[in-house]
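Below: the structure, in structure tokens.
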Amino acid sequence: MALIGVFDSGVGGLSILDEALRQLPEHDYIYLADSINAPYGEKSSDWVASRSMELCQYLAARGCDAIMVACNTATAEAIAHIRNELSNIPIIGVEPGIKPAAMQSANGIVGVLATEATLKSDKFSALLATLPNCKFVKQAGAGLVPLIEAGQANGEETLELLAEHLEPIQDAGADTLVLGCTHYPFLRKAIRKLLGDSINLIDTSNAVVRQLKRKLEAQCKQLNDGDQGSIQFISSKDAELLHQMAHELMQSDLTERSSQSQLVSTFR
């Protein structure tokens, strides 16, 4: 079995962890939330790159066999450098699912809701350049991450702000919406309330975990069907709150793993 590190600026990466527990429940996980510095999307590229490298080095030092950079902003700004520095273990990143969105869109108009840093990154621009026949309506979701971090994913303030951000996408006639931040899958209920079921929502958590699975199989990591590994929650701010929000936001049943979980809040 493998020890898998998952890190994000806060609770957004729990959407990736949730999918990993569904597909690969037998492994052990460390979830590292840098909540004291959330959100990353409004910070400088250099800061994000440096901090992301620091977090991955910390997880590697804890003995992780693979690391999931469960943050779109960190992936865009730092993934190449992290892979170069930690070349002995698989580093799996996340990026907005614009390719599957373009394939699934019936009218060729796709909305992309992401952080400002992701939308302005060279990596994202390079992705867009590969799909010239699709119209992408880019929208920064400023202010949404702090509300999700505060446990207000379905609150009225979040709904009002989300409506403002989705208006240009809706006005453009998009039939598909890319959730370009790992926090945003937790807004599914609110998005459906605003846009109904007519718009197709795209997030890449399933594909990201499938890539992790391929990397682990290449390492010949043992898979014991039916087993459930442990989860260690680590936060740079409040591990107890992180653990509480994991229970609230994730669909996976964490109760059976609770006796194996540890809470550590000393990382800075």
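The values are calculated or read from the model by the stated rules, or taken from the named source; none is laboratory data. Given the structure is predicted, the values throughout are model-derived calculations rather than measurements. All Cβ positions, even for glycine, are placed from backbone atoms using ideal geometry, and neighbour counts span all protein chains on display. Each accessible area value is taken on the protein alone, full model and side chains, heavy atoms only, with ligands, DNA and RNA left out. Shrake-Rupley method; radii C 1.70, N 1.55, O 1.52, S 1.80 Å.
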Check your understanding: Does the stretch 110-151 come out rounded, prolate or oblate by the C-alpha gyration tensor, with a ≥ b ≥ c the root eigenvalues, rounded set by a/c under 1.5 and, if not, prolate when a/b is larger than b/c and oblate if not?
Key -> prolate
Exercise for review: List the aspartates and glutamates whose Cα lies under 19 Å from the Cα of Lys193, skipping any in the same chain that are fewer than 8 positions away.
Suggested key: Glu156, Glu157, Glu160, Glu164, Glu167, Asp171, Asp175, Asp203
Exercise for review: On the protein heavy atoms, probe 1.4 angstrom, tell me the percent of accessible surface of the stretch 70-115 carried by carbon and sulfur.
Suggested key: 48
Practice item. Report the FRET efficiency, 1/(1 + (r/R0)^6), for Ser45 and Asp227, where r is their Cβ-Cβ distance and R0 is 30 Å, rounded to 0.05. Key: 0.15
Check your understanding: So, in nm, how far is label Thr255 from label Ser87 when the simple model puts each one 7 Å beyond its Cα toward the Cβ?
Key -> 4.8
Study note, to complete from the structure: Gln244 and Gln104 label points (each 7 Å along its Cα→Cβ direction) are spaced in nm at 3.4
Review point. Rounded, prolate or oblate: which one fits the stretch 1-108, using the alpha carbon gyration tensor with axes a ≥ b ≥ c (rounded when a/c is under 1.5, else prolate when a/b beats b/c, else oblate)?
Key: oblate
Revision key, fill the gap. Relative contact order as a percentage, the chain, C-alpha pairs under 8 Å and 6+ apart, gives 27
Review point. Per residue, how much accessible area does the stretch 160-203 have with a 1.4 Å probe, in Å²?
Key: 43
Point to revise | the stretch 14-141: relative contact order as a whole-number percent, Cα under 8 Å and 6+ apart | key: 22
Exercise for review: Using only Cα positions of the chain, each an equal point scatterer, no hydration layer, compute I(q)/I(0) via Debye at q = 0.07, 0.10, 0.11, 0.16 Å⁻¹ and quote the log10 values to two decimals.
Suggested key: -0.23, -0.47, -0.58, -1.23
Practice item. Holding the Cα-Cα limit at 19 Å, pick out from Lys43/Lys189; Lys138/Lys213; Lys99/Lys123; Lys99/Lys189 the pairs that are longer than that. Key: Lys43/Lys189; Lys138/Lys213; Lys99/Lys189
Check your understanding: If we sort 37-50, 123-136 on the protection proxy, mean other Cβ atoms within 10 Å, highest first, what's the order?
Key -> 37-50, 123-136
Revision key, fill the gap. With R₀ set to 25 angstrom, the calculated FRET efficiency between the beta-carbons of Arg62 and Arg210, to the nearest 0.05, is 0.55
Check your understanding: Of all the accessible heavy-atom surface of the stretch 122-236, with the other protein chains kept in place and a 1.4 Å probe, what percent is carbon and sulfur?
Key -> 46
Check your understanding: For the stretch 81-141, with every protein chain kept in place, what is the accessible area per residue (1.4 Å probe, Å²)?
Key -> 49
Exercise for review: Take the Cβ-Cβ distance between Glu157 and Gln23 as r, set R0 to 35 Å, and report the resulting FRET efficiency rounded to the nearest 0.05.
Suggested key: 0.55
